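First the structure, in the form of structure tokens, and then the observations on it.
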Amino acid sequence: MNSENKDILVLGIESSCDETAAAVIKNGREILSNVIYSQIDLHTLYGGVVPEIASRKHIDKINQVIEEALKKANVTLKDIDAIAVTYGPGLVGALLVGVAEAKAIAFATGIPLVGVHHIEGHICANYLANAQLEPPFMCLVVSGGHTHLVNVKDYGVYEILGRTFDDAAGEAFDKVARAIGLGYPGGPKIDKVSNEGNPEAIPFPRAKVGESGYDFSFSGLKSAVLNYLNSCEMKGEEVNRADVAASFQQAVIDVLVGHSMDALEKYEVKKFAIAGGVASNSHLRAAFEEACEKRGVEFFLPPPILCTDNAAMIGCAGYYEFINGVRSGYDLNAVPNLRLGER
């Protein structure tokens with residue numbers, strides 16, 4: 001899509017939650033650097049992300065992370081063609097740090113600025129991991145804050161088929177992990193302990209939202225797990241944490257896979273991708289691989305490092321927006337509840 005045959009370098013900046021990240025992306029597909037400073041150890045002390053602490057840490061680290069990304073890519077700001085930054089959705093204070101930094105650099109250097117939607121970034125992580133992937137395809141974005149089933153019609157053109165009405169899948173993982181004493185972050189810990197449990201031990205519910213075939217709801221499932229734990233405590237029954245984790249996880253997987261496969265069949269799409277932090281879950285990846293293979297659907301997934309929040313995916317999304325003529329002004333602001341497709 002780069003008609004001038006000139007390499008385009010994009011500096012990506014991501015600070016929507018608790019990762020301070022910067023990356024340099026070449027022509028939208030090649031990662032020259034991808035630097036991530038994770039605050040996970042700090043927030044583990046509090047059992048989850050504390051927004052004010054996250055914002056302060058971003059301020060401390062963002063200059064260092066950008067400098068390291070440029071150094072690892074062996075480039076300077078003079079080589080950068082565009083600056084891409086996440087401006088929503090996310091934690092407003094955290095977003096503001098990245099947006100202010102990107103605007104300051106753009107203003108000082110004259111480099112074009114491109115605001116990027118965080119979920120679009122997650123979708124674009126698949127382009128970095130799979131050189132042959134081109135739209136159209138369908139993508140399920142599952143993370144701590146988002147559960148979206150998206151029909152990717154073209155670069156930057158999205159149709160949201162389904163979204164969560166309450167808890168995101170990753171949020172439910174964290175809450176259930178806390179309830180059964182696994183602690184934070186819940187996703188990786190439930191994934192691991194589930195290997196020792198029976199996914200059919202406890203019949204937790206699979207939610208359906210009204211007449212919609214593609215929307216999600218996980219608050220009822222979370223409540224069912226809490227009710228089960230309370231019931232066991234009242235009866236003096238011992239709780240098998242591995243069985244609870246495995247049964248809960250299977251209920252989430254069944255809904256995610258079921259809705260996605262129904263949409264694939266209805267829209268007759270033959271390419272499917274997953275993205276977001278929960279896409280690192282080994283059981284979910286295996287379930288989608290099996291379901292897609294059974295239907296003759298090509299399955300794409302990023303490596304775990306590109307599933308969690310990172311700036312490489314933002315640089316990739318920014319590249320496609322940039323070559324499509326999208327530019328942001330110096331009035332770009334953080335939009336914590338930004339919807340996909342809005343500008």
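Results, tabulated for the structure shown:
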quantity	calculated
Distance between the range 83-102 and the range 1-79 - C-alpha centres, whole angstrom	11 Å
Most mobile of A246, A224, A177 in a GNM of the chain (Cα contacts under 10 Å)	A224
Cysteines in the chain lacking a second Cys C-beta under 4.7 Å	C17, C139, C232, C292, C307
Diffusion coefficient, µm² s⁻¹, Stokes-Einstein with Kirkwood Rh over alpha-carbon pairs of the chain at 20 °C and 1.002 mPa s	105 µm²/s
Under 17 Å between alpha carbons - lysine pairs in the range 135-305 that sit 8 or more apart or on different chains	11
Estimated Rh, the range 70-114: Kirkwood, alpha-carbon pairs, angstrom	11.3 Å
Prolate/oblate/rounded call for the range 219-320, Cα gyration tensor, a/c under 1.5 rounded	prolate
Estimated distance in nm for a label pair at E211 and Q132, the labels positioned 7 Å out from Cα along Cα-to-Cβ	4.1 nm
Given 14 as the ceiling on other Cβ atoms within 10 Å, longest exposed-site-free region of the chain for chymotrypsin sites (Phe, Trp or Tyr not before Pro) in DSSP loops	47-329
C-alpha center-to-center spacing [the range 242-288, the range 162-226] in angstrom	12 Å
Quotient of Cα Rg and 2.2 N^0.38 Å for the range 135-305, N being how many residues it contains	1.03
Hits among lysines - C-alpha to C-alpha of K72 under 24 Å, sequence gap 8 or more where chains match	K6, K26, K57, K61, K103
Within-11-Å neighbourhood charge of Q39 [Cβ basis; K, R +1; D, E -1]	-2
Computed over the range 135-305: relative contact order in percent, which uses C-alpha pairs under 8 Å that are six or more apart	26 percent
Kyte-Doolittle mean at least 0.0, axial Cα span of 18 Å or more - DSSP H helices of the chain	92-109, 241-267
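Any read-out appearing in this document is the output of simple, stated calculations on the displayed coordinates, not a laboratory observation. Here the structure is a predicted model, which means the values were calculated and not measured. Neighbour counts run over all protein chains shown; Cβ positions are idealised from the backbone, glycine included.
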